[in-house]
Amino acid sequence: LVRLLHVRFLGIGELLVQLDDQPRSVGEIHSRQFAASSDAPRQGRTAGILRYLSGAGAVAAIGYARYVLTGLGRALIRELPIAEVTMVTTGDEDTSVPVALDAPRVEQLIAELETASRDSANPDRFEKACAEAFVALGVESKHLGGPGRTDVIVTVKSGLTLVARAIVDAKSASGQLNEGSVNFAALKEHAAKHGATLMAVIAPRFDGSGRLSDWAKPNGVVLLSVADLAGLLRAHETHPFSARDVAELLTVDGRDDVEARHSQAMEQLSLITGVLRELAAEASQDNPEPIAARDIRRVMSRAGSVTTDDEVSHVLRFLALPEVAAVQNEPGGRYTLPSSPSIAAKRLRAIARAIEASSFGA
C-alpha cells in the first residue's frame, strides 16, 4: 500500500528522508519535510502517512507519536524514486502556513551548537551557545561556567510568577557521552546552591546503550542531545512554547506532553490555512456564494482532512474578529473573504510588532 501511495502522491516516501535514529515528533517531521514549501498540507496528513509507514515497518513508533527510521525504511529510500518537495502556491493569495521569521538566526544558533558541542578544547563556547539557546526559547538564561560552578542557570517566569529554576550542564565532546561523564551528586549540589528544582545535561549525543538515561531519570536529570535542542528551537519558531512549556521540557517525563500540545497547535494553524484556502477557492468561482462551516468541513474531509464542524466554526469566529478581519460573517452563519488573506496577515504582523515593541520598552 505504501508503494502504491508513493507512486500516486507526493510526500509519502519522501517523509522517510526526514527520519533517522533520533526519535522525532510528528510536528518536527512535518516541519522538516515542508520547510521550503509555501503551500504545505495539514500536519494531520503527515501523521496519517507516518501511521501507514509504521504499519509497513518502514518507521517505528517510539513513545507518544515519535518515530525513528528502520532498516526497511532505509532500504525503501534507496529503492523508491524520492522527489524534493517544493510545492508552490499559484495566484496572488497568501495561503501558506506560518513560517519562522527568525529562521536564519535560529539556524545559525543551531549550527553553532553543533560545532561548539564537538569543540571539547573550548568548553566555554558550548556553554555560551546553550545559554543563548534558552534565551531563544523565551526564558532567562545566565552563563556562569568555570571550576566548581554550574554552566548555565535557566530561570523560567510566567508573568510575575517564578515557575522554575534549572541548572544546565553543557558537555562538549568529540563523540557520545557515556555514564561516567555525568556526576549526578555534583549536579544536585549545584541545584541546591542556586535554589533550582530542575537539572539538565546537554551533549552532542548520549551513550546508545541507555544506561546513562536509566541513571539520569531517577536522579531527576533531563538529557538533551544537540539534535533534541535543535528540534525544540525549530519547533519554537513554528509555534512558540510557553514559559511553562519550557519548564516542563526540563522536567523528567515532561517532553512528550509538551510535544503533544505543540502538535495540536500546529494542527490548529494548518486548519486556519485550510479554511482560508477553501474560502479563496469559493471566491474564485464564477458565481461565488457565502459558505458555512459545514460546507468547508465537507470539502476538506474529501481532501483527507480530519476535522469537525465545531473546529471549523471556531477558526471562522477567530478570523472574523475585527482585529483580524480575515473573513466576513454573513447572514445565516455563512462566511466570505472580504479581501486578500495577505491583508489579514499584515494586520496580525502589525499587532505582533506592537507587542514586541512593548516587550522591549521601545
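Select, from Ala173, Ala121, the only residue that is in the same structural domain as Ile202 (by TED's automatic domain parsing), on the phi < 0 side of the Ramachandran plot, touching a Ser or Thr at 6+ places or on another chain (Cβ under 6 Å) and modelled with pLDDT under 90.
Working: Ala121 fails: touching a Ser or Thr at 6+ places or on another chain (Cβ under 6 Å).
Only one candidate passes the filter, namely Ala173.
Looking only at the range 283-305, count every residue that is over 13 Å from Pro341 (Cβ atoms), outside any loop (DSSP other than H, G, I, E, B) and not hydroxyl-bearing (Ser, Thr, Tyr) and tell me the total.
Summing the residues that are over 13 Å from Pro341 (Cβ atoms), outside any loop (DSSP other than H, G, I, E, B) and not hydroxyl-bearing (Ser, Thr, Tyr) in the range 283-305 gives 11.
What do you reckon, is Val312 among the β-branched types (Val, Ile, Thr), in contact with a Lys or Arg (Cβ under 7 Å, 6 or more places away or on another chain) and part of a helix (DSSP H, G or I)?
Against the criterion (among the β-branched types (Val, Ile, Thr), in contact with a Lys or Arg (Cβ under 7 Å, 6 or more places away or on another chain) and part of a helix (DSSP H, G or I)), Val312 qualifies.
Specify which of the listed residues (Ser181, Ser158) is over 23 Å from Arg244 (Cα atoms) and out of contact with any strand residue (DSSP E or B) (no Cβ under 7 Å at 6 or more places or on another chain).
Ser181
Among the helices (runs of 4 or more DSSP H) confined wholly to the range 1-63, which include 3 or more residues that are at pLDDT 85 or above and outside the structural domain of Glu237 (by TED's automatic domain parsing)?
43-56
Which residue, of Arg334, Arg298, is free of Cβ contacts under 8 Å to residues at least 24 places away in the same chain and surrounded by 13 or more Cβ atoms within 10 Å (Cβ to Cβ)?
Arg298
Just to be sure I understand, how many residues within the range 300-318 are at pLDDT below 85 and aliphatic (A, V, I, L, M)?
3
Can you tell me which condition Gly208 does not meet? The list is (1) farther than 26 Å from Ala345 by Cβ; (2) touching a strand residue (DSSP E or B) at 6+ places or on another chain (Cβ under 8 Å); (3) in contact (Cβ under 8 Å) with a residue 24 or more places away in the chain, and all the others hold.
Status for Gly208: all satisfied but (2).
The values are calculated or read from the model by the stated rules, or taken from the named source; none is laboratory data. Here the structure is a predicted model, which is why all the values come from computation and not from measurement. Here Cβ is always computed from backbone atoms with ideal geometry, including for glycine, and neighbour counts include all displayed protein chains.
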